[in-house]
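The values are calculated or read from the model by the stated rules, or taken from the named source; none is laboratory data. All values derive from a computational prediction rather than experimental measurement. Virtual Cβ from ideal backbone geometry, glycine too; neighbours counted across all protein chains shown.
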Amino acid sequence: MAKEQLMPYEQAIERFEVVIGLEVHVELNTASKMFCGCANNFGSEPNTNVCPTCLGLPGSLPAVNRKAIESSIAIGLALDCQIAESGRFSRKNYFYPDLAKNFQTSQYDEPIAYEGKISVELETGERFEVPIERAHMEEDAGKLTHVGGATGRIQGAEYSLVDYNRAGVPLVEIVTKPIYGAEDKAPELAATYVRVIRDIVKAMDVSDAKMERGNVRCDANVSLREKGAEKLGTRTETKNVNSLRSVENAVRYEIQRQAHILAAGGSIIQETRHWHEDRGHTSAGRPKSDADDYRYFPEPDLVPVQPSLEWIEEIRKTLPENPALRRKRLQEAWGFADLEFRDVFNSDLLDEVEQTVAAGASPQSARKWWTGELARLANAQGVSITELAITPGQVAEIQKLIDAGELTDRIARDVVAGVLAGEGEPSQVIESRGLRVVTDEGALIAAIDKALASQPDVLEKIRDGKLQAAGAVIGAVMQEMRGQADAARVRELILERAK
Amino acid sequence: MTDITSSTAAELATLIQTKKASSVEITTAFLDRMESLNAKTNSYLHIDRSNALEQAQRADQQLAAGKASSPLHGVPIAVKDNLTTTDAPTTSGSKILEGWIPPYDATVVTKLRQAAMPILGKTNLDEFAMGSSTEFSAYGPSKNPWDLDRIPGGSGGGSSSAVSGHLAPIAIGSDTGGSIRYPAAVTGSVGAKPTYGAVSRYGLIALASSLDQIGPVANTVLDAALLQDVISGHDPHDSTSLPNSLGSMVTAVQAADIKGLKVGVVKQLSSDGFQLGVKACFDDTVAKLVKAGAEVVEVDCPSFEYAVAAYYLILPAEASSNLAKFDSVRFGLRSMPEGNPTIERVMAATREKGFGPEVKRRIILGTYALSSGYYDAYYGSAQKVRTLIQQDLAAAFEKVDVLITPTAPTTAFKIGEKVDDPLAMYLNDIATIPANLAGIPGMSVPNGIASEDGLPSGVQILAPAMQDDQMYRAASIIESLYHAEWGAPLISRVPNLEVL
Ligand SMILES: [Zn+2]
């Protein structure tokens, strides 16, 4: 597919004002589906978590999952939203084989939560308040697998298989108001906003919040207008941006693409676009037109959700600490400089550092482990750092051995490697690999004497004040001890010998 | 066996409880009659003799073990074919569902099984309950036992012809705009639409979700009350089902006392547009009530004028969405188009072939009424009419306990007479529709024979929402005034089908 022409990013930002809007779908982790008792379970055999209701069989009826409402209200509260006194469901009517009833049950004109805001802090420390328009409940569709075509898409497929396990899984869609004024930061703000939402729903444990599984999905709306213009430009909606990096890249791409078109005197088509992470561009999907008539009307099979004030307050009490306040608290408690703290936060390592500190390590040592050696190892293995097979408790244990002088930094790295290789707890690795600092001074002195014997002039040099001459001997001793000696102690002993 | 098949459900229940007849004997009597007469009436779409007898046998065994499951224990029943049954095909009168056996029982069917009531078979209806005559059934019309050339009403004409023709002692119907009450009126039987939400709709193939309600079709008011008590109650599967019980309708019937009963005659439904004989029967009902001591006043419900128009926007709108699931993907008919079978073309070919003309007409109407730009003018306005009708009724019920109207504007018409005139067909429900729009209970009770054609007429009783007991009370009073005159239910005068 031919790539569209793009305007250089800085030039685009110079000339146009960027307006973005974000729709984030959060898949709730309730035990059962939105409108039936089927298990909400990822990865089951196809069409095993189904019943008459989520298969849309004649005569079946929906019944709202109270837990899903509770989670939706909790999300609304966490986003500082008003909670509706009455929120009804509507039917969004369109024919598609993954949609069992050929309509989606969704909140349309009466969302459960509305008029909220959330504070988003960029890497630079710059803060934006993102206005939330609404958060509403809806059901997910089934999953189509197109078989027989080259691309795995519906075009050219011989046939398609439908798995209704996901049909009826509860979703909360969070919609922002138009976000102005981000300028060149718009792509970063978009991605950071999605991350903030993901962190909140994860902290609240209302979603598994795994973007790679589609638990959190984002549609990004982008429009441009000439600086100073009153009227909003035509927007596109980019779908399928399902990683934080994709969100940032897709928004950036759309800004550049639209800027090129507008600068050339063209106009933007209001349409859905698809993001292709592998190829780094968006492609046109369906144009939005008057033909998109979903014939919304209130769902007559459900009574409106009317949460009582008592219930809302009960849910409010269960909310975890606001992530922004938590960051503030942790930074103070750890005494980190802004840069140090941002390094931890931006690497998504708050939980890990907090748990490592809780297990007895000092905040600075915990930070160094996670943002240093462990980040490097994760990167080398091509996994996310939280997927490394080491726990904060194990990291703290290793650090405590260093502090006690039983391990050197270098030996400690070997212990970590052993833990990651599945050789057991740090103590077991130390045992089986024989990784302990040699504290037997007799053995050290023997090794020092051996090294001095082969370099007889060293002691003289030291006595003459050339202390750096000890380095060659330390190297030889460490080699003899296979690295398991405390170099500082070896140095002390050499200097003593020279007296 | 004539005695058995012409008995009321209450009488049969007594025979069973006193061990004078077994459920198997009674069920056999009805099955025999069904087998000989269903070809004439086309009341049933599906009959499974051995399955019905097995259920009867189980009912007998339970009773022998000392376990009576319900006051109707062992009494067989007919079920309208738009309720799902795991042991019988469920077609809703449509080709698109021909042969479909649901994997689950409707809640009402479960309740019938728990009540040890053997299911005799599934009864005919207009396709997806869209119609007033059963002429829109994909499986041919049912016939009115009073005159086999006439319609038995609709959409529940299968159940009304089964009950009035004594092919079932009692039956289940569903009523969206009059589909229980209108057929009851034109066949001389009793039919009740409970308050919206009194009976679970789970397993009822939806026509218009906000209007549909399941109810009894019976020989007598007591029979209807017995059945309503069996099938009503909250169901967690149906969010719109009422949380609390409405009490016992049987008790309301047994305690019925005319003393202090205030009856309203709806001005808008008592003058123009009614067949003379029907009007005469209605005037007679009013006279009987006054004579017996009821207070009868005229009440004004001006918004009733818009009821039919509003109904024919709300119903098609909801139906167009409810029927979208019939797409060939998961169940039912699949019709392959000529040429490239894309999903859209397969869906279109299936719906083209599987749906009949009235269903297509209403899907198109409803799709249009919900379209962007038309929603407010059509669906929105219709919902406002609904509120106005509720307000009219609330004002009327401030003054009276129940309202009465003729159930239908005419007696049963001839098969084919109105089939090409949808508007004339739609007007059959003019008196019954307001109850569905308002969610209140309504019931039809026989009130005589129209002198010009010798066909039965019915009077409709309406009560405030959740006061079904008031409706049964008034129905019982009216019925007893007539039984005192006739000496037996009107249904006993149905011609002998065996010689027709
Ligand atoms: Zn299900």
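Which is touching a Cys at 6+ places or on another chain (Cβ under 9 Å) and either more than 16 Å from the ligand (Cβ to nearest atom) or aliphatic (A, V, I, L, M) (or both), of A:A135, A:A186, A:A141?
Result: A:A135 is the single residue among A:A135, A:A186, A:A141 that is touching a Cys at 6+ places or on another chain (Cβ under 9 Å) and either more than 16 Å from the ligand (Cβ to nearest atom) or aliphatic (A, V, I, L, M) (or both).
With respect to the conditions (1) in contact with a helix residue (DSSP H, G or I) (Cβ under 7 Å, 6 or more places away or on another chain); (2) assigned to a helix (DSSP H, G or I); (3) more than 13 Å from chain A (Cβ to nearest Cβ), B:Y379 falls short on a single one, namely (3).
A Cβ distance below 7 Å, combined with a sequence gap of six or more or placement on separate chains, defines the contacts here; from the range A:407-428, residues that are touching a residue at least 60 places away in the same chain (Cβ under 8 Å) reach residues that are surrounded by 15 or more Cβ atoms within 10 Å (Cβ to Cβ) in the pairs A:T408/A:V437; A:T408/A:D486; A:R410/A:G483; A:I411/A:L435; A:I411/A:V437; A:I411/A:G483; A:I411/A:Q484.
Taking the range B:315-353 as the range and being facing another protein chain (nearest Cβ under 9 Å), of a type outside the set (D, E), within 28 Å of the chain's Cα centre (by Cα) and not in a helix (DSSP H, G or I) as the test, the residues that pass are B:F326, B:F331, B:G332.
Checking each residue of the range A:53-63 against the condition of being within 21 Å of A:V206 (Cα to Cα) and either surrounded by 21 or more Cβ atoms within 10 Å (Cβ to Cβ) or within 16 Å of the ligand (Cβ to nearest atom) (or both) gives at least one match. In the set (1) farther than 15 Å from A:A366 by Cα; (2) not in a loop (DSSP other than H, G, I, E, B), the condition left unmet by A:Q399 is number (1).
Listed conditions (1) over 27 Å from B:T86 (Cα atoms); (2) within 28 Å of the chain's Cα centre (by Cα); (3) away from chain B (no Cβ under 14 Å); (4) not acidic (D, E) are all met by A:S86, apart from (2). Of the residues that make up the range B:425-434, is at least one farther than 30 Å from B:R351 by Cα, among the acidic types (D, E), touching a residue at least 12 places away in the same chain (Cβ under 8 Å) and not in a loop (DSSP other than H, G, I, E, B)? No, there is no match, as no residue in the range B:425-434 is farther than 30 Å from B:R351 by Cα, among the acidic types (D, E), touching a residue at least 12 places away in the same chain (Cβ under 8 Å) and not in a loop (DSSP other than H, G, I, E, B). Taking the range A:314-329 as the range and being surrounded by 12 or more Cβ atoms within 10 Å (Cβ to Cβ) and touching a residue at least 12 places away in the same chain (Cβ under 8 Å) as the test, the residues that pass are A:I315, A:R316, A:L319, A:P320, A:N322, A:P323, A:A324, A:R326, A:R327. So which residues in the range A:19-47 are at pLDDT below 95 and either within 15 Å of the ligand (Cβ to nearest atom) or in contact with a Lys or Arg (Cβ under 8 Å, 6 or more places away or on another chain) (or both), if there are any at all? Once the filter is applied, which keeps residues that are at pLDDT below 95 and either within 15 Å of the ligand (Cβ to nearest atom) or in contact with a Lys or Arg (Cβ under 8 Å, 6 or more places away or on another chain) (or both), the range A:19-47 yields A:N41, A:F42, A:S44. Can you name the number of the only condition in (1) surrounded by 15 or more Cβ atoms within 10 Å (Cβ to Cβ); (2) not in a loop (DSSP other than H, G, I, E, B) that A:E310 fails? Among (1) surrounded by 15 or more Cβ atoms within 10 Å (Cβ to Cβ); (2) not in a loop (DSSP other than H, G, I, E, B), A:E310 violates only (1). Considering B:M471, B:M466, the condition of being part of a loop (DSSP other than H, G, I, E, B) and more than 18 Å from B:D283 (Cα to Cα) is satisfied by B:M466 alone. Among the residues of the range A:144-181, those that are part of a strand (DSSP E or B), within 16 Å of the ligand (Cβ to nearest atom) and out of contact with any helix residue (DSSP H, G or I) (no Cβ under 6 Å at 6 or more places or on another chain) comprise A:V162, A:D163, A:L171. Would you check if there is a residue in the range A:126-138 being without any contact (Cβ under 8 Å) to a residue 12 or more places away in the chain and either surrounded by fewer than 15 Cβ atoms within 10 Å (Cβ to Cβ) or closer than 28 Å to A:Q306 by Cα (or both)? Yes: one or more hits.
Remark: pairs (first residue in the range A:378-391, in a helix (DSSP H, G or I); second residue surrounded by fewer than 12 Cβ atoms within 10 Å (Cβ to Cβ); Cβ separation under 7 Å; 6+ apart in sequence or on different chains) = A:A378/A:S384. Of all residues in the range A:64-83, those that are within 16 Å of the ligand (Cβ to nearest atom) and more than 14 Å from chain B (Cβ to nearest Cβ) total 1. With respect to A:V201, is the statement that it is crowded, with 21+ Cβ neighbours inside 10 Å and outside any loop (DSSP other than H, G, I, E, B) true? Yes. For first residues located in the range A:17-40 and assigned by TED's automatic domain parsing to the domain that holds A:N165 and under 27 Å from A:T176 (Cβ atoms), partners that are assigned to a strand (DSSP E or B) and within 13 Å of the ligand (Cβ to nearest atom) and lie 6+ apart or on another chain with Cβ distances below 6 Å form the pairs A:L28/A:P170; A:T30/A:P170; A:M34/A:E139; A:M34/A:P170; A:N40/A:S32.
When you scan the range B:282-340, how many residues do you find that are farther than 30 Å from A:T53 by Cβ and in contact with a Phe, Trp or Tyr (Cβ under 8 Å, 6 or more places away or on another chain)? Looking only at that region, the number is 3. Taking the conditions exactly as written (farther than 18 Å from A:V24 by Cα, within 14 Å of chain B (Cβ to nearest Cβ) and modelled with pLDDT of 95 or more), does A:A167 satisfy them or not? The answer is yes for A:A167. Against the conditions (1) within 14 Å of chain B (Cβ to nearest Cβ); (2) buried (at least 20 other Cβ atoms within 10 Å of the Cβ), A:D109 satisfies every one except (2). Kindly check whether there is at least one residue in the range B:98-119 that is within 14 Å of chain A (Cβ to nearest Cβ), farther than 15 Å from B:G203 by Cα, buried (at least 24 other Cβ atoms within 10 Å of the Cβ) and in contact with a helix residue (DSSP H, G or I) (Cβ under 7 Å, 6 or more places away or on another chain). No: the range B:98-119 contains no residue that is within 14 Å of chain A (Cβ to nearest Cβ), farther than 15 Å from B:G203 by Cα, buried (at least 24 other Cβ atoms within 10 Å of the Cβ) and in contact with a helix residue (DSSP H, G or I) (Cβ under 7 Å, 6 or more places away or on another chain).
Looking only at the range B:60-80, decide whether some residue is within 14 Å of chain A (Cβ to nearest Cβ) and either out of contact with any Gly (no Cβ under 8 Å at 6 or more places or on another chain) or within 25 Å of B:H166 (Cα to Cα) (or both).
Yes, there is a match, as at least one residue in the range B:60-80 is within 14 Å of chain A (Cβ to nearest Cβ) and either out of contact with any Gly (no Cβ under 8 Å at 6 or more places or on another chain) or within 25 Å of B:H166 (Cα to Cα) (or both).
Residues that are of a type outside the set (D, E, K, R) number at least 3 in the following strands (runs of 3 or more DSSP E) confined to the range A:1-110: A:16-27, A:103-106. How many residues are surrounded by 12 or more Cβ atoms within 10 Å (Cβ to Cβ) and of a type in the set (D, E) when one looks only at the range A:454-491? Looking only at that region, the number is 2.
Out of all the residues in the range B:357-371, is one or more assigned to a helix (DSSP H, G or I), in contact (Cβ under 8 Å) with a residue 60 or more places away in the chain and either more than 23 Å from A:D293 (Cβ to Cβ) or within 12 Å of another protein chain (Cβ to nearest Cβ) (or both)? So far as the range B:357-371 goes, yes, one or more of its residues are assigned to a helix (DSSP H, G or I), in contact (Cβ under 8 Å) with a residue 60 or more places away in the chain and either more than 23 Å from A:D293 (Cβ to Cβ) or within 12 Å of another protein chain (Cβ to nearest Cβ) (or both).
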